[in-house]
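Each remark here refers to the structure printed beneath this line.
Just so it is clear, none of the values below were taken in a lab; they were calculated from the coordinates. For clarity, every value in this text was computed on a predicted model and none was experimentally measured. Quick reminder, even Gly has a Cβ in these numbers, built from the backbone with ideal geometry, and neighbours come from all protein chains shown.
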Amino acid sequence: MTTGRASGLSTTQGYYWHAVLLGDRSLVRRLQPRAFLDRRALGGVLLGMFSVAIRWLSPDRHNPTEIRLFAERVTKHTHATYGVTADEVSRAILWELGDAAGDEDVSPAHPGLAELAVIATAVRDLELKPGDIDRLISSAEGLARQRGINLAAYRPGPVMRWRFEMAELRRYGYPARKRWSAERMGAFVDWMRDDSTV
C-alpha cells in the first residue's frame with residue numbers, strides 16, 4: 001500500500017518547511033540534514049511560499065500604512081522566534097509586490113527570516129488548515145521549478161508519514177484527523193484496485 005500525501009508535496013524541502021510551520025522540532029531535526037543538502041532549493045521553496053502567502057494575503061501595494069501595520073503585527077507575534085524588524089518585513093513585502101524603489105542597496109540583516117515570519121503570520125491570520133498549508137507549499141514547489149531551480153523528488157516512508165500525521169493531529173485536532181482518514185481510505189481503495197487486477 002503505497003500512497004502519497006493528499007497534498008502533493010514532492011520535495012524534502014517542502015516537507016521540511018511543512019514541519020517548520022507545524023512547529024514540530026522532532027520532524028524538523030529529522031528532515032534538516034536532507035533538506036539542507038541543496039540550500040538553493042530550500043531557499044527557492046521558501047521564496048515560493050512567501051510569494052503565495054503574499055498573494056493570499058493580498059495587501060494593497062498602494063497603501064504603505066496597511067503594509068507597515070501588517071509588518072508590525074508580524075514582528076509582534078514572531079519577533080521572539082525570528083528576530084526580524086518591521087522595516088525588514090515591510091521591505092520584503094514591498095519587494096515582492098514590485099515596489100522596492102530606493103531599497104535595492106539595503107541587504108536584509110536576516111536573509112529569509114522576514115519571509116518566514118510573514119508566512120507563519122499568514123498561516124495564523126488566514127487560519128490555514130493542514131490541506132491549505134500543503135497547497136501553499138506545493139504551489140511554492142511549482143514556483144521554484146518555474147524559476148529554474150532543480151528540486152529532487154522525495155516521498156516519505158510510512159514512519160515519516162505517520163510522524164506528520166501525529167504532528168498535524170497535535171496541532172489541528174479534528175480537521176487533521178478527518179483529512180488523514182480520507183487519505184487512508186484512498187489508500188485502501190487503491191490497494192483494492194491493485195488487488196483486483198492480480
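Considering the Cα trace of region 21-155, what is its radius of gyration and what is Dmax, both in angstroms?
Using the Cα atoms of region 21-155, the pair Rg, Dmax is 14.8, 43 Å.
Can you tell me which of 73-84, 42-53, 143-154 comes out highest on packing, and rank the rest after it, using the mean Cβ neighbours within 10 Å?
42-53, 73-84, 143-154
Kirkwood Rh, region 16-94, all Cα pairs: how many Å?
Answer for region 16-94: a Kirkwood hydrodynamic radius of 14.1 Å.
Taking H placed 1.01 Å from N in the peptide plane, check which residues at least 5 places from Thr11 or on another chain put their amide H under 5 Å from its amide H.
Long-range HN contacts for Thr11: Tyr154.
For region 13-134, what is the charge dipole size about the Cα centre, in debye to the nearest 20, if Lys and Arg each add +1 at the Cβ and Asp and Glu each add -1 at the Cβ?
Dipole of region 13-134, to the nearest 20 debye: 620 debye.
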